Amino acid sequence: MKLTDAQLEQFHEEGYLFLPDWFDPDEVRVMKDEVPKVFAQRRQENVREKTGDVVRTAFAVHTYSDVFNRLVHHPKFLEPAEQMLGGQVYIHQFKINGKAAFDGDVWQWHQDYGTWAADDDMPNPYAMNLAVFLDEVTEFNGPLLFIPRSHQKGKLEAGHDLSTTSYPLWTIDHETIARLAGEGGIVAPKGRPGSALFFHCNLVHGSAPNMSPWGRVIVYVSLNRVDNAIRRFKRPEWIAHRDFAPLKPISEDCLKQLARDARVDPRAQTFESRGRISGRGAAE
Ligand code: SIN
Ligand code: MN
């Protein structure tokens, strides 16, 4: 699942790489079926929107869901990430963002590395996000907005916003965003479920509230190079992980296998009937 030189160059130049239909419909279905079971749980890792009971972000799902544990070991993610970051990687953060129809709130303009440096003392911006769309992302349902090439500016000045949404974030002021967008414009990659977005931890991004009747579930895996592990542990482990062992890819078939099992025996798809996979990779 290696990326071409042209794809790598695009990532390094623009700060992101969009891969339409990177996961196929069977793989998407397996992941999508899992989401309502995750969001239905009352657990501290599920952060709800300020306005109601709707899940904004479900953190650390890979630690208790077999499906998402498979995803984080998927070669379609790990091999490109190692190429992009130039070394072995571990999971710094995992989240599923609901961006629910009508209720999904704004994500203010920010760089992820701003938060990871300020809160977790991550030494260098040798980290990135892998995002996979589980719904179709359109202009209507709050697509991610990127300022291309903004990652080349390094870590920008940011303020700690504790009030706008239910989740604290180090955000970038309007003047800086206007200047950066004047130079690089704004893009909103859109596409079918299964499309993937890889983006640099210093790429400036955000998203508008979702006022449409269509949900926009995106899974984010944030990977950091193992030689760049965080040095401060003030945030809970389920937000900033502390297992710095390198992830090892498993079979490319790992999600499709679950789809096949479900066709043969629908009970195989129940959340409770599957334990977390074992013996696969150093993160276990
Ligand atoms: C994020 O930046 O962490 C999330 C943005 C989004 O899901 O729209
Ligand atoms: Mn972000």
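The values are calculated or read from the model by the stated rules, or taken from the named source; none is laboratory data. Since we're looking at a predicted model, the values are computed, not measured. FYI the Cβ positions are ideal-geometry reconstructions off the backbone, even for glycines, and counts take in every protein chain you see. Keep in mind that these areas ignore ligands, DNA and RNA; they rest on the heavy atoms of the full protein, side chains included. Shrake-Rupley method; radii C 1.70, N 1.55, O 1.52, S 1.80 Å.
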Full extension between Tyr64 and Asp26 adds, at 0.36 nm per residue less the Cα distance, a length in nm of 11.6 nm
Straight distance only, please: which lysines reach the Cα of Lys256 with their own Cα at less than 23 Å, same-chain residues fewer than 8 apart left out? Lys2, Lys32, Lys37, Lys76, Lys95, Lys248
Round to a whole number: what % of the accessible area of the stretch 191-230 belongs to carbon and sulfur, probe 1.4 Å? 65 percent
How much length is gained if the chain between Arg43 and Glu183 is pulled fully straight, taking 0.36 nm per residue apart and subtracting their Cα-Cα distance, in nm to one decimal? 46.2 nm
What full-extension length gain, to one decimal in nm, is calculated for Glu79 and Trp214 as 0.36 nm per residue of separation minus the Cα-Cα distance? 45.4 nm
Give, as a single signed number, the net charge of other residues whose beta carbon lies under 10 Å from the beta carbon of Glu183, with Lys and Arg counted +1 and Asp and Glu -1. +3
The stretch 143-159 residues near the modelled Asp173 label - backbone nitrogen below 19 Å, point 7 Å along Cα→Cβ: 153-159
Spin-label proximity, His12 to the stretch 224-250 - amide N less than 18 Å from point 7 Å beyond Cα toward beta carbon: 225
Here the Cα Rg-to-2.2 N^0.38 Å ratio for the chain is 0.94
What is the percent carbon and sulfur in the accessible area of the stretch 1-99, measuring with a 1.4 Å probe over the protein chains and ignoring ligands? 51 percent
How much accessible area per residue does the chain have, counting only protein heavy atoms and a probe of 1.4 Å, in square angstrom? 41 Å²
How large is the dipole of the stretch 5-264 about the Cα centre if only Lys and Arg carry +1 and Asp and Glu carry -1, each at its Cβ, rounded to the nearest 20 debye? 600 debye
Give me the net charge for the shell around Arg29: Cβ to Cβ below 11 angstrom, other residues only, Lys and Arg +1, Asp and Glu -1. -2
Dipole magnitude of the stretch 114-200 about its Cα centre, charges +1 at Lys/Arg Cβ and -1 at Asp/Glu Cβ only, in debye to the nearest 20? 360 debye
